[in-house]
Amino acid sequence: MPPSEPPANEAFDCLVLRHLDGCCGEQERQELAEALRHDARKREQFTRLACQHGQLRELLISDHLLAMQPPVPRRRPPPKRTSTTWGKRHLVAAAALVAVAVTVVAVLHTASPPHATMIAGQLAVIRAGHSTPLPVGARVVAGDRLMMSGEGRAQLQLADGSALILSSAAILAVTSLDAATSGIALRLEQGSIEAEVAPQPIDHPLVIATVQSQATVVGTHFTLSCDSRASHLEVVKGIVRFRDPYSDPVLVNAGYIAESHEGRAISLHRIGEPEPPDLSVAGTGLKGDYFDSLEFRDYRFSRVDPQISFNWGALAPDPRIEPETFSIRWTGQLVARYSEEYTFWVTVDDGVRLWIDGTLLIDEWHRNEAREFHGRIQLEAGKPYPIILEYFQDPSIAQVSLSWSSDHEIKRIVPQSCLYPAP
């Protein structure tokens, strides 16, 4: 007859002793963790065996040391046990209990992957290609894809205390929930999500991506929504780093809304104010006339440059002109998004002049080594203003860029959507 299976409690005792001796594999540790999590009696049995295991190790060590000592003449009977001796035993027992508690916590932590918990609402989860309802109290793990299955909103609670609220028709893919190592990473495919984010590790901030953009968060309160062509970020508290493929990353402060639309740069405006007009259809850049000399002689070619942001180094902008000495004149129209004072910034090596609406804002027509100059002017939203930017390069490094800033515009390169070429 084949040998019979050991009783369940004996099998559990064997498993505990193998763990205490460091002989358990990953599957056995998972099995032990599940048993400890769901059975109070087995937790008591684990504690009892761990204490006995520690005492047995103490006895074995003591017997081994006694066997190695030379015999000593017996002069008097051994002293009676005192309270000090019992105190040492109590300390050993207490240390064993602490070790047991630490072991239990470590085993449970190892077996519990990072997760979020469904708090309220109606969500469906897609796992391995199958969609099932997600009940309240259920866990969400990396790899899950969540869909709103009813009206209203649904709420998830992350292990670090962050809260996520999904709106109707929202679809959210969970990439990672491990804030300590890889960071929390989510992908909003449609709809909107409101987030109250707990402070995140500096090297592993929370990241929520959409089709067009990405929001990086280190602790704030915001709402992010999107569709197939645009993303809308509204920051209630804190600061969110927002980026898309069409412009440089921007920091969105509390009280501001950032809009990312397909094919145009990020726009910013205050909460409660209307979004600035969409000028991206007509805005294509400024017309640049390129000359193979310092004073706009020896004309070579013209082209439309979407933005003025160049650093050619020791090279030429085009093979048709020499890299040592050349000049460029950009002309066209500029349209501001807001009615307010704008500051225009030019970083240049070497000479530059800037006119807007016939006003000479910057006049530095001499050699410079990568310096920044600025000038201010009041502009009216939606009104086209003539703009001329002249630049010359003398030997060595060649670079020039045109940026702006205002109360509603962060300092950045003037976007293509606001620049119109001269006829």
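The values are calculated or read from the model by the stated rules, or taken from the named source; none is laboratory data. All of these numbers come straight from a predicted model, not from anything done at the bench. Don't worry about glycine lacking a Cβ; one is built from the backbone with ideal geometry, like all the others, and counts go over all protein chains shown.
When Ala398, Ala314, Ala336 are checked against the criterion of being surrounded by 17 or more Cβ atoms within 10 Å (Cβ to Cβ), of a type in the set (A, V, I, L, M) and farther than 28 Å from Glu262 by Cα, Ala398 stands alone in meeting it. The single condition among (1) in contact with a Leu (Cβ under 8 Å, 6 or more places away or on another chain); (2) under 20 Å from His269 (Cα atoms) that Ile208 does not satisfy is (2). Within segment 373-387, not a single residue is surrounded by 16 or more Cβ atoms within 10 Å (Cβ to Cβ), in contact with a Pro (Cβ under 6 Å, 6 or more places away or on another chain) and either modelled with pLDDT under 95 or not in a helix (DSSP H, G or I) (or both). The listed residues are Ala159, Ala154, Ala138, and the only one of them that is within 30 Å of Gly25 (Cα to Cα) and either in contact with a Phe, Trp or Tyr (Cβ under 7 Å, 6 or more places away or on another chain) or surrounded by 15 or more Cβ atoms within 10 Å (Cβ to Cβ) (or both) turns out to be Ala159.
Put simply, of Thr175, Thr210 the only residue that is over 30 Å from Arg29 (Cβ atoms) and in contact with a Lys or Arg (Cβ under 8 Å, 6 or more places away or on another chain) is Thr210. Restricted to segment 399-423, and to residues there that are of a type in the set (Val, Ile, Thr) and in a strand (DSSP E or B), the residue that is nearest to Phe344 (Cα to Cα) is Ile413.
Of Glu369, Glu390, Glu364, all but one fail to be of a type outside the set (S, T, N, Q) and either modelled with pLDDT of 95 or more or out of contact with any strand residue (DSSP E or B) (no Cβ under 6 Å at 6 or more places or on another chain) (or both); the exception is Glu390. Does Ser213 count as in the same structural domain as Arg139 (by TED's automatic domain parsing), hydroxyl-bearing (Ser, Thr, Tyr) and surrounded by 17 or more Cβ atoms within 10 Å (Cβ to Cβ)? Yes. Restricting attention to segment 220-253, the residues being over 17 Å from the mean Cα position of the chain (by Cα) and not in a strand (DSSP E or B) number 4.
When we screen Gly161, Gly183, Gly191 for residues that are assigned by TED's automatic domain parsing to the domain that holds Pro245 and either touching a helix residue (DSSP H, G or I) at 6+ places or on another chain (Cβ under 6 Å) or farther than 19 Å from Ala120 by Cβ (or both), the only hit is Gly183. Identify all residues within segment 198-219 that are in a loop (DSSP other than H, G, I, E, B) and either touching a Cys at 6+ places or on another chain (Cβ under 8 Å) or not β-branched (Val, Ile, Thr) (or both); write none if there are none. Within segment 198-219, Ala198, Pro199, Gln200, Pro201, Asp203, His204, Pro205, Thr210, Val211, Gln212, Ser213, Gly219 meet the criteria. Applying the criterion of at least 1 residues that are among the charged types (D, E, K, R), in the same structural domain as Phe373 (by TED's automatic domain parsing) and in contact with a Ser or Thr (Cβ under 8 Å, 6 or more places away or on another chain) to the strands (runs of 3 or more DSSP E) found wholly in segment 292-352 leaves 340-349.
Provide a single number: the residues in segment 330-359 that are free of Cβ contacts under 8 Å to residues at least 24 places away in the same chain and basic (Lys, Arg). Result for segment 330-359: 0. The condition (being under 22 Å from Pro135 (Cα atoms) and part of a loop (DSSP other than H, G, I, E, B)) is satisfied by just one residue among Ala169, Ala195, Ala180: Ala169. Across segment 168-180, which residue is farthest from the chain's Cα centre (by Cα) among those that are surrounded by fewer than 17 Cβ atoms within 10 Å (Cβ to Cβ) and polar (S, T, N, Q)? Per the stated criteria, the residue is Ser168. Only one entry in Ser293, Ser327 is surrounded by fewer than 20 Cβ atoms within 10 Å (Cβ to Cβ) and either closer than 21 Å to Ile397 by Cβ or touching a residue at least 12 places away in the same chain (Cβ under 8 Å) (or both), namely Ser293.
Can you find a residue in segment 406-423 that is in contact (Cβ under 8 Å) with a residue 12 or more places away in the chain and over 36 Å from the mean Cα position of the chain (by Cα)? Scanning segment 406-423 turns up at least one residue that is in contact (Cβ under 8 Å) with a residue 12 or more places away in the chain and over 36 Å from the mean Cα position of the chain (by Cα).
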